[in-house]
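Enquirer: The structure follows.
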Amino acid sequence: MPDKRLISLVSLAVVFTGSILLIMFGLERHQSVALLSVYTLAFVAYLGVYALVDHKKKLWALLGLSVLLRLLILPAFPELSDDVYRFIWDGRLLVQGVHPFAYLPSEIMELSLDMQLVGIDQALFSQLNSPEYYSIYPPVNQAIFALSAYLFSESVWGSILFIRSVIVIGELLTLFVIFSYLKLKGFADQKRLLLYALNPLIILELSGNLHFEALMICFLLISYVLLEKGRWILSTLFFALSICTKLLPLILLPLLLSRLGWRRAFLYYLLTALFCLLFFMPLLSIELVQGISQSIGLYFQKFEFNASVYYIIREIGYELKGYNIIAKAGRWLAASTFLAIISYAIFERKKQLPTAWLLVWFIYLLLSTIVHPWYVTPMLAFAVFSHYRFAYVWSWLIFFSYAGYTKEGFDEVLSITILEYSIVIAVLTYELWKTYTRKSEVPIGH
């Protein structure tokens, strides 16, 4: 007699695999209805697959599927993001001795004939989504960009293949770290690894669309595991690597103060800073400081996408001032984020560190002016070690922010944004209430 549970599992796995491959190889960003429908199908299949895993053979088979999917999409073009062109641009400048933070892309184009730069041409320039802004990518990224340009000096596809290979390696290492830690701690429910490994947003946005949160997450989790093992000096090295991939892990540092104590926390911060300085050294210059400072300033004062609290402030600004007050609101929100995180670090009840990271990351995104889908991916990694599941709900809802893309550009659908945040905040509120009524956080898996 056939095993109906196994048949259902295989059927859902086929639907899941087909949906991911269809998005990666068959759909473009502006095809909103098809894109969101197929993504929802993938997400439902993902939940169904997770629910049907009841022993280790199925767990290993699905982990194998998660690895296979990442390998199958290696040759795909990242249709949902055009950031890769800036990666290639920066890399080609570096290998030809031009500091990527020294000039705007538009300035490079004016000087390109005199510089005789290989691969820096109108075709690549026309694909950039930020030709009037300085680069904002830290040294780990820049090293990968440069190596991809060195290996594929005039091949966009070659650079994409190399960068994706590095990201996939980072993803596989992340899966290994999560699995090893769950096993080390004796967690009864090891299948929670699948919550990350098979999450459609993780596969599509990290391995698929080449976002470097993949490496940042990998370095952060290694840092955390080392810290748990008492190897906190080596932990600082990987924390620094995470900062030098994406600057955002800086917001997590205050949480270590109450856990390490003043003396050890100071040493942790000092070593992390020294490692960061070491990694930044090859790029260190006045151009780097000026370029990153200007880019960060613009990030908080000019860009807006899929925000929550900021959109409420923006509407109040329109009513009171008659124009978009993002320049001031961005600064206020940045300051509010800093104060909120410091306050949380002071008054929290010493939750497990990944849980605290999860909630702090949410605070940051809640007060941000721009929240792209891949911005929530670190939360999905942290949530593996937590009772909280609101991040996984968000990983479905946030993909609907793609609904605003058209062939002509982008026009955000605010009703979708309102629904997205209403559901996520409602789920989080319910989970916080459940945690509060338990009075303390029970270790997962026990």
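Enquirer: Which of the GluC sites (Glu not before Pro) found in the range 82-171 are loop residues per DSSP with 16 or fewer other Cβ atoms within 10 Å of their Cβ?
Expert: Working: sites: Glu107, Glu110, Glu132, Glu154, Glu171; in loops: Glu132, Glu154.
Passing both the DSSP loop test and the Cβ count: Glu132, Glu154.
Enquirer: Now for a different question. Average projected area of the Cα convex hull of the range 276-410, in nm²?
Expert: 11.6
Enquirer: Related question: Could you tell me what fraction of 2.2 N^0.38 Å the Cα radius of gyration of the range 179-228 comes to, as a two-decimal ratio?
Expert: 1.27
Enquirer: In square nanometres, what is one fourth of the surface area of the convex hull spanned by the alpha carbons of the range 244-316?
Expert: Numbers: hull surface 28.5 nm².
Taking the Cα atoms of the range 244-316, their convex hull projects to 7.1 nm² on average.
Enquirer: A further question follows. What whole-number value in Å² describes the accessible area per residue of the chain for a 1.4 Å probe? Write out the running numbers ahead of the final one.
Expert: Numbers: 19590 Å² over 446 residues.
Averaged over the residues of the chain, the accessible area is 44 Å².
Enquirer: Sticking with this structure for a sec: Treating each Cα of the range 17-159 as an identical point scatterer and ignoring solvent, apply the Debye formula and state log10 I(q)/I(0) at q = 0.18 Å⁻¹.
Expert: -1.01
Enquirer: I would also like to ask the following. Take every Cα pair under 8 Å in the range 235-367 that's 6+ residues apart, average their separations, divide by the length, and report that relative contact order as a whole percent.
Expert: On the way: 91 pairs, mean separation 42.1, N = 133.
Value for the range 235-367: 32 percent.
Enquirer: Okay, next question. A 30 angstrom limit on the alpha carbon distance is what I want to check against. Which of Lys302/Lys407; Lys246/Lys321; Lys183/Lys350 exceed it?
Expert: Flagged as over cut-off: Lys246/Lys321.
Enquirer: With the Cα gyration tensor of the range 180-309 in hand, give its eigenvalues times 5 under a square root as the equivalent ellipsoid semi-axes, listed largest first in whole angstrom.
Expert: Working from the Cα gyration tensor, I get semi-axes of 27, 24, 14 Å.
Enquirer: For Lys4, go through the lysines and keep the ones whose alpha-carbon is under 22 Å away, minus same-chain ones fewer than eight residues off.
Expert: Straight-distance partners of Lys4: Lys56, Lys57, Lys58, Lys191.
Enquirer: Further, regarding this structure: Which value, in nm² and rounded to one decimal, describes the direction-averaged projected area of the C-alpha convex hull of the chain? Spell out each step's value before the answer.
Expert: Details: hull surface 91.8 nm².
That works out to 22.9 nm², a quarter of the Cα hull's surface.
Enquirer: How large a share of the accessible area of the range 183-324, in percent, is made up of carbon and sulfur atoms when the probe is 1.4 Å and the other protein chains stay in place?
Expert: Of all accessible area on the range 183-324, carbon and sulfur atoms account for 67 percent.
Enquirer: Let me check the size of the range 30-81 from its C-alpha atoms; what are the radius of gyration and Dmax in Å?
Expert: Both quantities, over Cα of the range 30-81: 13.8, 40 Å.
Enquirer: Moving on to the next point. Among Ser37, Ser19, Ser81, which one moves the most in a GNM of the chain with springs linking Cα atoms closer than 10 Å?
Expert: Of the options given, Ser37 has the highest mean-square fluctuation.
Enquirer: Another question about this same structure. Please sort by residue number the trypsin sites (Lys or Arg not before Pro) in the range 341-416 whose DSSP state is loop and whose Cβ has at most 14 other Cβ atoms within 10 Å.
Expert: Those satisfying the criteria are Arg349, Lys350, Arg389, Lys407.
Enquirer: Okay, moving on. Using the scaling law 2.2 N^0.38 Å as the reference, what is the normalised Cα Rg of the range 151-257?
Expert: Scaled against compact globular proteins, the figure is 1.18.
The values are calculated or read from the model by the stated rules, or taken from the named source; none is laboratory data. Quantities reported herein were computed from a predicted structural model and do not represent experimental measurements. Cβ: placed from backbone, ideal geometry, glycine included. Neighbour counts: every protein chain shown. Accessible surface is based on the protein model in full, side chains and every heavy atom, while ligands, DNA and RNA are left aside. Shrake-Rupley method; radii C 1.70, N 1.55, O 1.52, S 1.80 Å.
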